[in-house]
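Novice: Take this structure, written in structure tokens, and hold onto it; I'll ask about it next.
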Amino acid sequence: PIWQSWMERMRSVQQSNRALARLISPVPTMFADITASATKLNAVMVDYLVGPETSMVFTIEPSGRLSATTLQVGRSKLKSQVAALLASAAGQATASAVDGSGAVDQERAVLRSLYGELLPPGVRQFLPHNSEQMIVFVPDGPLYNLPFAALIDEQGKFLVEGHLLTMASSMSVLLDSQPKVSQDFSLVAASSSSQGGEKAEMEQIASVIGSD
């Protein structure tokens with residue numbers, strides 16, 4: 001039958017190119033569920049999609065309004081910036097004995113640069129002015145290793161000084177894990193209620209990684 005042939009081809013694509021398979025058959029996530037979560041949390045969600053040359057960032061406000069902004073930075077540059085930042089942090093103790101001020105200045109320069117690239121004025125206009133209102137960052141690619149709270153704004157302050165921040169993983173983390181990682185992966189999910197959006201989300205996660 002045709003559907004069996006399609007399933008066999010889909011399994012082959014999943015083994016050779018999981019990112020492509022995800023585009024063909026994505027995990028169903030309804031926009032209404034996402035906006036309901038933003039409204040419930042009274043949070044602004046900032047969701048990144050890193051591309052080869054440029055990237056996209058989607059902001060969802062508690063009112064349900066969705067906005068999209070193109071970022072003029074791609075995967076290779078972000079990867080090198082984040083790698084340099086992590087290397088600087090890892091070697092800071094050693095560097096401080098020689099030239100601590102230089103290492104710190106370099107680290108702050110990278111954090112300021114990343115702030116401008118990832119949160120340009122077109123994105124910042126959607127961020128809350130109330131420091132108690134939550135911002136939920138959903139990173140992608142090399143941004144998973146970026147400490148968003150440490151980004152330095154145009155006033156020279158860390159982002160966390162003026163905003164309440166948290167992070168959430170996208171489903172791509174579960175779908176794009178290498179087979180060995182997938183076998184070792186474990187997850188405990190708990191919900192305060194047995195119905196509604198939380199239950200649906202847990203069922204989606206279980207369908208991807210297995211409920212056992």
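The values are calculated or read from the model by the stated rules, or taken from the named source; none is laboratory data. Not measured: the values here are computed from a predicted model. Here the Cβ is made from the backbone with ideal geometry for all residues, glycine too, and neighbour counts use every protein chain on show. With ligands, DNA and RNA removed, areas are computed over all heavy atoms of the protein, side chains included. Shrake-Rupley method; radii C 1.70, N 1.55, O 1.52, S 1.80 Å.
Novice: Starting from residues that are open to solvent by 70 Å² or more (accessible area, probe 1.4 Å) and at pLDDT 80 or above, keep the ones in the range 69-96 and report whichever is nearest to Asp47 (Cα to Cα).
Specialist: Ranking the qualifying residues of the range 69-96, first place goes to Thr70.
Novice: Taking the condition farther than 18 Å from Val44 by Cα, open to solvent by less than 60 Å² (accessible area, probe 1.4 Å) and out of contact with any Cys (no Cβ under 8 Å at 6 or more places or on another chain), does Ala168 pass?
Specialist: The answer is no for Ala168.
Novice: Would you check which residues across the range 101-116 are at pLDDT below 90 and buried (at least 18 other Cβ atoms within 10 Å of the Cβ) and list them?
Specialist: Ala103, Glu107 - these are the residues of the range 101-116 that are at pLDDT below 90 and buried (at least 18 other Cβ atoms within 10 Å of the Cβ).
Novice: Select from the range 23-68 the residues that are of a type in the set (A, V, I, L, M) and assigned to a helix (DSSP H, G or I) and write down the one among them that is surrounded by the most Cβ atoms within 10 Å (Cβ to Cβ).
Specialist: So, considering only residues that are of a type in the set (A, V, I, L, M) and assigned to a helix (DSSP H, G or I), the one surrounded by the most Cβ atoms within 10 Å (Cβ to Cβ) is Ala38.
Novice: Another one. Here is a list of conditions, (1) under 17 Å from the mean Cα position of the chain (by Cα); (2) open to solvent by 10 Å² or more (accessible area, probe 1.4 Å), and Leu119 meets all of them except one; can you say which number that is?
Specialist: (2)
Novice: For the range 69-84, enumerate the residues that are assigned to a strand (DSSP E or B) and of a type outside the set (A, V, I, L, M). Step through it out loud before you land on a result.
Specialist: Step one: of the range 69-84, the residues assigned to a strand (DSSP E or B) are 69-71.
Scanning the range 69-84 gives Thr69, Thr70.
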